[in-house]
Each structure stands twice: as structure tokens, then as C-alpha cells.
Amino acid sequence: MQDDVFGGRTAALAAEAVARCHALGRFSEIEDGVYRPFGRQSLEDAARLVERWMADAGLDVRRDAFGTVVGRRRGVGPGRRTLYVGSHLDTVPDGGLYDGALGVVLPIVLCKALAGRALPFDLCVLGFLAEEGCRFGAGCMSARSLTGRLDRALLERTAPDGTTLAEAVRFHGGQPERVGQAADFARALGYVEVHIEQASVLDRRRHSVGVVEGIVGQSRLSLTFTGQADHAGTTEMGDRRDALCAAADFVLAVEELAKADRELFATVGRLDVSPNANNVIPGAVSLSLDVRHPHDVAREVALSALAEAARAGGGRRGVSVGWRIDGQRAAATCDAGLTRLLVEAVRAAGVPEVRLPSRAGHDAMVMARVMPMAMLFVRSPGGLSHHPDERLDVADVAVAVDVMGRFFARLARQEAARVPGAPASPYEETRAP
Ligand SMILES: [Zn+2]
């Protein structure tokens, strides 16, 4: 059975995928850089172009209740299942050309290239429209709606210009009254997302692609340090209750703890000092804390240690500490079976096997709640993302094309063996697509 599915066409297919990312980049709310938020014309224009590409690739195209662009390529054989592939078309303000877009256009290009070949599974390409969550302040809303995990109260939420989420859903052809009703995934094989790495692990190691092991869990917190504001000239150094000094102790404790665990990432990104005057001892500080780890238990242990460090450090200075968890998401583990097929495909493509975690959130972590999930990262030259200078190398995309073709071939063999009566030689040339 043919394994090298796309043969000598990988470079051409990669070039087409990259050109399509550039074509989508024309749709933007801003001149320099890309900004396609949910509910705006730029994103709807991008979605309509993607619909045309899907139809051109022979997919049956529709929108789901949230406006997600859905294109299905039908396989052959009885009892066949569906492999979902996709990513998001929306971007952050001042974003790049490839974050999300690559994971939508690449499977469409591959579906087109598969014309005339039968697969013993359906391929369903998903173009999510609300992953970044900048305009409405909530991430992965399209995937949460599709999987029945979106709180319908969010539909009342408004963007800064007063548009409600329900109006934005309707604008993209969705049906607010059906938002949050889970689709039927009884026949789902799994979800695979191709995404740029958005970090420099692959670039530093000079590898084109990497297989994701899992998406890290994350906790977002707000802390307050409350001491006593007082005169900077008349208060004895030993008598002070300086909230900023206590907060500074804590910021360094966060760094020290994270540096002791290679997998722990912890950041204090925002600090508000009160009264923030040059001749007043800081009386209060509020700060943000972001903690990420691939293992939820390890993240919780780190949070306990940091809470203790904050309280103990504050206590030494007569500063009380408030601790509030604003949001948490559990780590998502990639499915062992799908990941094994991806790793085999990487090896068969003759490139080094690299396994790495994703420290950014993706639609894949939501899809993982209802079906097996796997991810393939493509190198981000320079590691820059969420920035207009985000880059992508066509040669790396060609490797991803090769890997995905070999992955499909392996999945085809697996599914053909599973379903009695399926075509004996899936992936062989057929007359009718
Ligand atoms: Zn993304």
C-alpha cells in the first residue's frame, strides 16, 4: 500500500498552503499586520474564501450553529468514522499570517490533492472563527460550542462597540438559539490540528515538525499585598509595612520556583502599585500570576508552594496577602493511538522525531474533551508569534504535508482493518472521488 501519498507534490502543495495563508492575510481590520476578530467583516470574508476553497476541493460545505466553517470529504465503506482536522481563522490584534490559518488551509489543500482516492473514513475540516477570544474576552468559543461546552450566558456578552456575541454569531451565519448544543460525535475517530509552534524549540533544534505530547494546564490568579502607605522620609526603615517589597519578594520566589522545574512556567505579568508616588511607601500592590504545567497535580503543588511563599513573605513584613483564582484549565493529553500514528509518519518521512508540549492553548484542548486528539507543530522561524513578523518556511510545510499524507495512509490501514467490508485497498486510485 502506498505510504508516500503525495509523492513529488509535497513542495507544490506546501507552496499552495502558504500562498493561501497570504491570501487570507488580505482580510484584516488593520493595514499593517493582521487582525480578524469574531463578528467583523474581515473574518467573514476570510470564512467565505475558505468555503470556496473547500467546495473546490470537493467538500460538502456548511456552517455550524456558531458560524464555524465545516467541510466534509466523504470516504467509502460501511460504518466509517470521521477524522476532524482544523484550526482557527480569527487572529489577535496585530497578529501574523499563519497562526491558525495554516491548520485550516493545509487540510483543504490535502483534500484537493486526494481527489480520486478513496479513504475508509470521512475527513471533516473545521475552520473555527473564535479561538483567540480578544473581542469578547473568552477563548475557544467555537470549539466549546461544537462540543456542548459553551455557557449560553456568554451570548449576552458585548464587544467594546456594543455588539453582542449573539449578533456576531448571526453575522457569521450561525444560529444563536442552537449555540452550545453538542454535535453528535459518536462516529468521531479523533481531531488532529496542525499549528505553527509559536515558540523556538523546533527552530533551536533545526527540526521542521514536532509531535505534541499535550497542552499544558494553566491557572490565572490575582494577588493583593496590603501594607501601610506612609511618609518615605519620616518612617523608620524597620517600622515599615511596604507592600511593594513583599510583592517583589514574591515575584522573585515565582521565578525561583519555576526555574527549579523544567516543565513549570510561571509569570507575574502585571503589577499595580498604590499610591504609586515617589515619596510614599507603597501601601498596596495587586499583581497577576500565570502558572502553566503539563501535569495538573504538579501545577497544583506549585500553586500551594507559591501561596505559602506569598503569605510567609508578607507575614515577615506585616503585609497581608489576598489570593484569588480567576481561571483554570486542565492539561489536555494527546491521544496515544493517534500520536503513535503521527510519530510513525514522522519517522517514515525521514525526519527526526521530536516530542514537545504546547504551552499555548488551542482548539485541540477543547476537542480533546470529547474525542481522541493529536497535534503536529510546524517550526516557527525565530519563535515569534502573535506578531505581524510571524514567519513560516515552505520547506517545513512540505515536511508537514508529507507527514500528514503518511498519517492518513496509516489511519486508512487501521480503519480498513477495523471495519468488515471496507475496501481492501484504501488509498488506492479510484475512478470516482
Ligand atoms: Zn492559534
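Laboratory data are not the source of any read-out in this text; all were calculated from the coordinates shown. Bear in mind the structure is a predicted one, so any value in this text is a computation, not a measurement.
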Taking placed amide H atoms and a strict 5 Å upper bound, the residues 5 or more places from Gly214 or on another chain that come that close are Cys334, Ser358
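Give, in whole angstrom and from largest to smallest, the semi-axes √(5λ) of the equivalent ellipsoid of the range 217-329, with λ running over the eigenvalues of the Cα gyration tensor. Present the calculation step by step, with values, prior to reporting the outcome.
On the way: eigenvalues 163, 32, 23 Å².
Here the semi-axes work out to 29, 13, 11 Å.
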Spelling out what I want: for every residue of the range 154-163, take phi, set θ = phi - 60°, compute 6.51 cos²θ - 1.76 cosθ + 1.60 (Karplus), and round to whole Hz; glycine and proline get x. 4, 4, 7, 5, 10, 6, x, 8, x, 5
Amide H within-cut-off set for Val354, under 5 Å, with H built and near neighbours excluded: Val211
Placed amide H near Asp230: partners under 5 Å, 5+ positions off or other chain: Ile281
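Relative contact order for the range 113-193 using alpha-carbon pairs under 8 Å, separation at least 6, rounded to a whole percent? Before the final figure, lay out each step's value.
On the way: 68 pairs, mean separation 19.4, N = 81.
Dividing the mean separation by the residue count of the range 113-193 yields 24 percent.
If you take every DSSP beta bridge fully contained in the chain, what fraction is antiparallel? Give it as a percent rounded to 5.
70 percent
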For the range 217-329, averaging the sequence separation of alpha carbon pairs under 8 Å that lie six or more residues apart and dividing by its residue count, the contact order in percent is 46 percent
When all C-alpha to C-alpha distances in the chain are sorted into bins of 20 Å, what percent of pairs does each bin hold, rounded to whole numbers? 24, 51, 20, 4, 0
The ³J(HN,Hα) series, computed from each phi in the range 196-201 with the Karplus coefficients 6.51, -1.76 and 1.60 at θ = phi - 60°, rounded to the nearest Hz and given as x for glycine or proline, is 5, 5, 6, 8, 10, 4
Determine the relative contact order of the chain: mean sequence separation of Cα pairs under 8 Å and six or more apart, normalised by residue count, in whole percent. 24 percent
When the chain is treated as a Gaussian network with springs between alpha carbons less than 10 Å apart, the largest mean-square fluctuation among Val346, Val50, Val268 is found at Val268
For the range 321-328, Karplus couplings with θ = phi - 60° (6.51, -1.76, 1.60), whole Hz, Gly/Pro x: 10, x, 9, 10, 8, 8, x, 9
For the range 1-153, using Cα atoms only, the Rg and Dmax in Å read 15.9, 51
Among Ala368, Ala298, Ala260, the residue with the largest mean-square fluctuation in a Gaussian network model of the chain built from Cα contacts under 10 Å is Ala260
Once the range 1-47 is represented by equal point scatterers at the alpha-carbon sites, with solvent omitted, what log10 I(q)/I(0) does the Debye formula produce at q = 0.20, 0.22, 0.24 Å⁻¹? -0.68, -0.74, -0.81
